[in-house]
Amino acid sequence: ALDILRSLNDEQLVLTVGKNMGTFGEQFRHMARVQIQYTEAIKNKKIGPTEKEIDLSVAQSKEKLLELWKEAEKDMVDAIEGLSEQDIHNLNINWKYWGIESMNLADHLQALADHENLHNGQIIVYLRTHEITFPKSWESWGL
(Lines give C-alpha, C1' and ligand atoms only; values in the text may rest on other atoms or scores of the structure.)
Protein backbone atom coordinates (compact mmCIF):
# COMPACT_ATOMS: atom_id res chain seq x y z
CA ALA A 1 0.00 0.00 0.00
CA LEU A 2 2.91 2.32 0.67
CA ASP A 3 3.98 2.09 -3.00
CA ILE A 4 0.48 3.13 -4.02
CA LEU A 5 0.50 6.06 -1.59
CA ARG A 6 3.86 7.16 -3.00
CA SER A 7 2.43 7.06 -6.54
CA LEU A 8 -0.54 9.33 -5.75
CA ASN A 9 -0.68 13.11 -5.61
CA ASP A 10 -2.60 15.31 -3.18
CA GLU A 11 -5.41 15.83 -5.70
CA GLN A 12 -5.96 12.06 -5.95
CA LEU A 13 -6.12 11.70 -2.16
CA VAL A 14 -9.60 13.29 -2.14
CA LEU A 15 -11.07 10.73 -4.60
CA THR A 16 -13.60 8.21 -3.34
CA VAL A 17 -15.56 5.33 -4.84
CA GLY A 18 -18.92 5.82 -3.21
CA LYS A 19 -21.02 6.54 -0.20
CA ASN A 20 -19.41 5.75 3.17
CA MET A 21 -16.12 4.66 1.59
CA GLY A 22 -14.07 7.72 2.50
CA THR A 23 -11.36 9.21 0.36
CA PHE A 24 -8.10 7.62 -0.75
CA GLY A 25 -6.34 9.72 1.89
CA GLU A 26 -8.78 8.63 4.59
CA GLN A 27 -8.10 5.00 3.72
CA PHE A 28 -4.36 5.52 4.21
CA ARG A 29 -4.85 7.56 7.40
CA HIS A 30 -7.09 4.84 8.80
CA MET A 31 -4.58 2.09 8.02
CA ALA A 32 -1.82 4.01 9.82
CA ARG A 33 -4.11 4.75 12.78
CA VAL A 34 -4.93 1.06 13.17
CA GLN A 35 -1.24 0.16 13.05
CA ILE A 36 -0.66 2.70 15.83
CA GLN A 37 -3.56 1.17 17.77
CA TYR A 38 -2.07 -2.31 17.45
CA THR A 39 1.36 -1.00 18.49
CA GLU A 40 -0.15 0.64 21.58
CA ALA A 41 -1.82 -2.68 22.38
CA ILE A 42 1.54 -4.44 22.35
CA LYS A 43 2.90 -1.88 24.79
CA ASN A 44 -0.22 -1.72 27.00
CA LYS A 45 -1.24 -5.39 26.74
CA LYS A 46 -4.75 -4.36 25.68
CA ILE A 47 -6.53 -3.13 22.56
CA GLY A 48 -8.52 0.08 22.82
CA PRO A 49 -8.95 3.50 21.29
CA THR A 50 -5.70 5.08 20.19
CA GLU A 51 -3.93 7.29 22.68
CA LYS A 52 -2.39 9.29 19.86
CA GLU A 53 -4.70 11.74 18.10
CA ILE A 54 -4.22 12.07 14.34
CA ASP A 55 -5.58 15.22 12.77
CA LEU A 56 -8.11 14.54 10.01
CA SER A 57 -6.27 16.95 7.69
CA VAL A 58 -3.42 14.42 7.43
CA ALA A 59 -5.59 12.54 4.91
CA GLN A 60 -5.27 15.44 2.47
CA SER A 61 -1.47 15.51 2.30
CA LYS A 62 0.70 12.82 0.76
CA GLU A 63 3.71 14.21 2.64
CA LYS A 64 1.93 14.05 6.01
CA LEU A 65 0.58 10.56 5.30
CA LEU A 66 4.06 9.31 4.40
CA GLU A 67 5.41 10.80 7.66
CA LEU A 68 2.59 9.14 9.62
CA TRP A 69 3.25 5.75 7.99
CA LYS A 70 7.00 6.03 8.64
CA GLU A 71 6.37 6.92 12.30
CA ALA A 72 3.81 4.11 12.71
CA GLU A 73 6.20 1.57 11.19
CA LYS A 74 9.11 2.68 13.37
CA ASP A 75 6.97 2.55 16.51
CA MET A 76 5.79 -0.98 15.65
CA VAL A 77 9.35 -2.20 15.07
CA ASP A 78 10.52 -0.55 18.30
CA ALA A 79 7.63 -2.10 20.26
CA ILE A 80 8.37 -5.60 18.99
CA GLU A 81 12.13 -5.23 19.42
CA GLY A 82 11.50 -4.01 22.97
CA LEU A 83 9.74 -7.24 23.96
CA SER A 84 11.55 -9.78 26.05
CA GLU A 85 11.90 -13.34 24.78
CA GLN A 86 9.30 -14.35 27.35
CA ASP A 87 6.84 -11.70 26.11
CA ILE A 88 7.28 -12.80 22.50
CA HIS A 89 6.17 -16.30 23.46
CA ASN A 90 3.72 -15.53 26.27
CA LEU A 91 2.25 -12.10 25.58
CA ASN A 92 -1.54 -12.05 25.82
CA ILE A 93 -3.24 -8.90 24.62
CA ASN A 94 -6.64 -8.16 26.11
CA TRP A 95 -9.09 -7.75 23.22
CA LYS A 96 -12.26 -7.26 25.29
CA TYR A 97 -12.67 -3.84 23.66
CA TRP A 98 -13.66 -5.75 20.49
CA GLY A 99 -15.41 -8.63 22.24
CA ILE A 100 -12.56 -11.17 22.14
CA GLU A 101 -11.01 -12.44 25.37
CA SER A 102 -7.32 -12.21 24.38
CA MET A 103 -4.80 -12.84 21.61
CA ASN A 104 -1.19 -13.87 21.65
CA LEU A 105 1.35 -11.74 19.78
CA ALA A 106 1.31 -13.83 16.59
CA ASP A 107 -2.50 -13.74 16.32
CA HIS A 108 -2.50 -10.02 17.12
CA LEU A 109 -0.04 -9.31 14.28
CA GLN A 110 -1.99 -11.60 11.94
CA ALA A 111 -5.16 -9.62 12.71
CA LEU A 112 -3.30 -6.45 11.73
CA ALA A 113 -2.11 -8.04 8.47
CA ASP A 114 -5.68 -9.21 7.74
CA HIS A 115 -6.97 -5.68 8.33
CA GLU A 116 -4.37 -4.22 5.97
CA ASN A 117 -5.22 -6.79 3.31
CA LEU A 118 -8.88 -5.76 3.51
CA HIS A 119 -7.87 -2.17 2.79
CA ASN A 120 -5.47 -3.24 0.05
CA GLY A 121 -8.47 -4.78 -1.72
CA GLN A 122 -10.43 -1.58 -1.29
CA ILE A 123 -7.52 0.46 -2.63
CA ILE A 124 -7.48 -1.73 -5.75
CA VAL A 125 -11.12 -0.75 -6.31
CA TYR A 126 -10.21 2.94 -5.94
CA LEU A 127 -7.39 2.62 -8.47
CA ARG A 128 -9.51 0.76 -11.01
CA THR A 129 -12.54 3.01 -10.56
CA HIS A 130 -10.48 6.13 -11.20
CA GLU A 131 -8.28 4.47 -13.87
CA ILE A 132 -5.11 5.30 -11.97
CA THR A 133 -2.02 3.43 -13.09
CA PHE A 134 -0.83 0.85 -10.58
CA PRO A 135 2.75 1.21 -9.37
CA LYS A 136 5.16 -1.41 -10.72
CA SER A 137 5.02 -3.43 -7.47
CA TRP A 138 1.24 -3.78 -7.94
CA GLU A 139 1.12 -4.30 -11.74
CA SER A 140 -0.32 -7.82 -11.52
CA TRP A 141 -3.40 -6.41 -9.74
CA GLY A 142 -3.91 -3.74 -12.37
CA LEU A 143 -4.16 -6.02 -15.39
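The values are calculated or read from the model by the stated rules, or taken from the named source; none is laboratory data. Here the structure is a predicted model, which is why all the values come from computation and not from measurement. Glycine gets a Cβ as well: all are built from the backbone with ideal geometry, and neighbour counts include every protein chain shown. Ligands, DNA and RNA are stripped out before the accessible areas are found, and what is left, the full protein with its side chains, is counted by its heavy atoms. Shrake-Rupley method; radii C 1.70, N 1.55, O 1.52, S 1.80 Å.
Close amide H partners of residue 102, meaning residues 5 or more places away or on another chain with modelled amide H under 5 Å apart, are 95. Once both labels are positioned 7 Å from their Cα atoms along Cα-to-Cβ, the gap between residue 61 and residue 84 label points is 4.1 nm. On the protein heavy atoms, probe 1.4 angstrom, tell me the percent of accessible surface of the chain carried by carbon and sulfur. Accessible surface attributable to carbon and sulfur in the chain totals 50 percent.
Heavy-atom accessible surface of the chain, averaged per residue, reaches 59 Å², computed with a 1.4 Å probe. Using a cut-off of 25 Å between Cα atoms, the listed pairs 64/96; 19/70; 43/136; 70/136 include 64/96; 19/70; 43/136 as exceeding that distance. The calculated 222 nm mean residue ellipticity attributable to helices in the chain amounts to -18500 deg cm²/dmol, summing -39500 (n - 2.57) over DSSP H runs of n ≥ 4 and dividing by all residues. Normalised by 2.2 N^0.38 Å, where N is the number of residues, the alpha-carbon radius of gyration of region 1-96 equals 1.23. Phi angles across region 11-16 convert, under the Karplus curve 6.51 cos²θ - 1.76 cosθ + 1.60 with θ = phi - 60°, into 3J(HN,Hα) values of 5, 6, 5, 8, 6, 9 Hz, Gly and Pro given as x.
Between the beta carbons of residue 51 and residue 3, assuming R0 = 30 Å, the FRET efficiency works out to 0.55 to the nearest 0.05. Checking every one of the trypsin sites (Lys or Arg not before Pro) in region 24-68 against DSSP loop status and a limit of 16 other Cβ atoms within 10 Å picks out 45, 52.
Roughly what % of Cα-Cα distances in region 33-143 sit above 21 Å, to the whole percent? It would help to have the intermediate numbers written out before the result.
Working: 2901 of 6105 pairs.
Beyond 21 Å sits 48 percent of the P(r) for region 33-143.
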